[in-house]
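Written below as structure tokens is the structure these notes are about.
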Amino acid sequence: MSPTPANLRTLPTPVGRQSDVVYMDADRDQVILGTAGSGKTTMAVHRAAFLANSTLVHGGRTLLVTYNKALTGYLRHLAGVTGELDIRNYHHVARGYLANRGLMSYGAVLDAQRPTVLRRAIEDVRAEGSTSDVIDRPFDFFKDELDWISGHGYADHSAYMAAERRGRFEALQPAQRETVWRVREAYLARRAATGHQYDWWSLPSAMIQALEADNEPRLYRHVVIDEAQDLPPEAIRSLKRLVQPGGTVTLFADYAQQLYGQHSSYKSCGLRVHKIEEFKENYRNSAGIAKLAIATAELPHFRDRADLVVPTSPTAIGVPPTLYRASSLADELAAIRAQAVQFARSGTVAILTRTHAAARVAARGLAFTELSESQEWTSSNGLYVGTLYSAKGLEFDAVIVPHLNRADYPGSEQVAAFGRAEALERDARLIYVGITRARSELLVTHHGDLTELVPTEESGLWALTQGAPA
């Protein structure tokens, strides 16, 4: 066992089996599945520093990578300066590698224009005529399905037609898949016509192709992936190919928090492991918050996953989560701002919503830091705002999750694109992430009927309060 580097001593010290994970064998791939609050990020940073320690026989240049940009900034804050350790988000890694191989010119990635290009491709197929009514599905459906195809590395028609499509409540019929594939081909043709080589979701396959033709020595001896459940399988496969011969991949994941529609497993990513380490201990949340999170995950909108690890309740004592039923949107916003100011006096607090715009509105008039990769993380008290998506892997003393109205969760756009059952599951996982970011205090607010995606007022899991009638 190696000593903890000085710059990591501000991190929580690994306890119990966490230490076993940090110092596991460095000559094989490892997979660690843990519930929210089990210390996966703490273990990932310590594990990466251990593998990067060049004074040890196994030590070498190590990449600590994740999907979320805000989490990347947080990881850099936790790790500090670590010599042989690089900390990046996945798309930074992919762009950098392709650029190094001369395959990433300026503007090569279709970004802001992508929705327009995809919408035009859909219209192309509609104009040609389709025997399937799937062509009338909303834009978000096609975006999600094309992302899934790219994320799994299906480059030809037969592979997509034969693939098991996990994550869909209603399976797509062959005629529907045929139409989706025609949209994909039309999209790729239009993308090429704009002069763009890639979009964000095609980068993993491009990286794999480049690596297969690359005989140069690999830069990294080890790769550690945090929040791996949000990376598509093709991205994890590309990271596996990025390591030197004999190098390893260590993967940390919680499949209950999977948000980006891939519904993938480490088993499909080319990793070979002897034993999966599972963590059910919850070191972050107070007892009341953990009980609420468990009850939320036990609602029927969560479907079983083979890799889901059910948490055990912690012993930490804390106040129950508060559910505030506002009399109006104005009343709700006033309560959110007042409570945020109070929380920020004694700790870190986050306001987490579905969109960045809603988060900014909720914090209007207050001093806050927006969650991003480039932000300066400190241990100081204060208010952070961002989306529920951007909070993955982060934690705060207190969290406020506003607008959990039945009319807003599930979102109407999600229902239109994916059907009600699938939209319920997607938003249930999103809310679960928000709830589990809070260490000791949680405030959930709504100004209409409460969404069915959290336990009811009568569940006994809330401290209830409400605004005066408007």
So what is the orientation-averaged projected area of the range 200-249, using the convex hull of its C-alpha atoms, in nm²? 3.5
The chain - Debye-derived log10 I(q)/I(0), Cα point model, q = 0.08, 0.12 Å⁻¹: -0.49, -1.12
For the range 314-470, Rg(Cα) over 2.2 N^0.38 Å is 1.00
Spin-label pair ASP449/ARG241, simplified geometry with 7 Å Cα→Cβ offset, distance in nm: 5.1
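Rolling a 1.4 angstrom probe over the protein heavy atoms, how many square angstrom per residue are accessible across the range 26-160?
39
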Could you tell me what percent of the accessible area of the range 49-177 is made up of carbon and sulfur, with a 1.4 Å probe and every protein chain present? 49
Assign unit charges at the C-beta atoms only (+1 for Lys and Arg, -1 for Asp and Glu), then state the dipole size of the range 364-446 relative to its Cα centre in Debye, rounded to the nearest 20. 220
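For GLU185 and VAL341, calculate 0.36 nm times their separation in residues minus their Cα-Cα distance, and state this gained length in nm to one decimal. Present the calculation step by step, with values, prior to reporting the outcome.
On the way: separation 156, 0.36 × 156 = 56.16 nm, distance 5.13 nm.
Residue separation times 0.36 nm, minus the Cα-Cα distance, leaves 51.0 nm.
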May I ask for the net charge around PHE368, where only other residues with Cβ less than 11 Å from the Cβ of PHE368 are counted and Lys, Arg are +1 while Asp, Glu are -1? +2
Restrict the search to the range 172-212; then list the GluC sites (Glu not before Pro) that DSSP places in a loop and that have at most 16 other Cβ atoms within 10 Å of their Cβ. none
Rounded FRET efficiency, nearest 0.05, which uses the C-beta distance separating ALA193 from ARG101 and R0 of 25 Å: 0.55
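Loop only by DSSP, 12 or fewer other Cβ within 10 Å of the Cβ. Give me the trypsin sites (Lys or Arg not before Pro) in the range 363-470 that pass, ordered by residue number.
Counting only loop positions with at most 12 other Cβ atoms within 10 Å, the trypsin sites (Lys or Arg not before Pro) in the range 363-470 are ARG364.
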Per-pair calculated FRET efficiency, R0 = 51 Å: MET161 and ARG28 via Cβ, rounded to 0.05: 0.90
Using the heavy atoms of the protein chains and a 1.4 angstrom probe, tell me the accessible area per residue for the range 168-207 in square angstrom. 45
Compute the accessible area per residue over the range 321-470, keeping the other protein chains in place, probe 1.4 Å, unit Å². 39
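Helix-only mean residue ellipticity at 222 nm, the chain, DSSP H runs n ≥ 4 weighted -39,500 (n - 2.57), per residue, nearest 500. What is it?
-11500 deg cm²/dmol
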Could you work out what % of the accessible surface of the range 210-251 is carbon and sulfur, using a 1.4 angstrom probe and leaving DNA, RNA and ligands out of the count? 47
Stokes-Einstein D for the range 150-236 (25 °C, 0.890 mPa s, Kirkwood Rh from Cα pairs), in µm²/s, comes to 159
What is the mean projected area of the alpha carbon convex hull for the range 118-191, to one decimal in square nanometres? 4.6
Taking K and R as +1 and D and E as -1, what net charge do the other residues with C-beta under 13 Å from the C-beta of SER202 add up to? 0
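Roll a 1.4 angstrom probe over the protein heavy atoms and tell me the percent of accessible area of the range 343-458 that is carbon or sulfur.
Working: 2000 of 4130 Å².
Of the solvent-accessible surface of the range 343-458, carbon and sulfur hold 49 percent.
The values are calculated or read from the model by the stated rules, or taken from the named source; none is laboratory data. In this text the structure is predicted, and so the values were computed from the model without any measurement. Every residue, glycine among them, receives a Cβ derived from its backbone with ideal geometry; neighbour counts consider all protein chains shown. Just the protein is used for accessible areas: all its heavy atoms, side chains included, with ligands, DNA and RNA removed. Shrake-Rupley method; radii C 1.70, N 1.55, O 1.52, S 1.80 Å.
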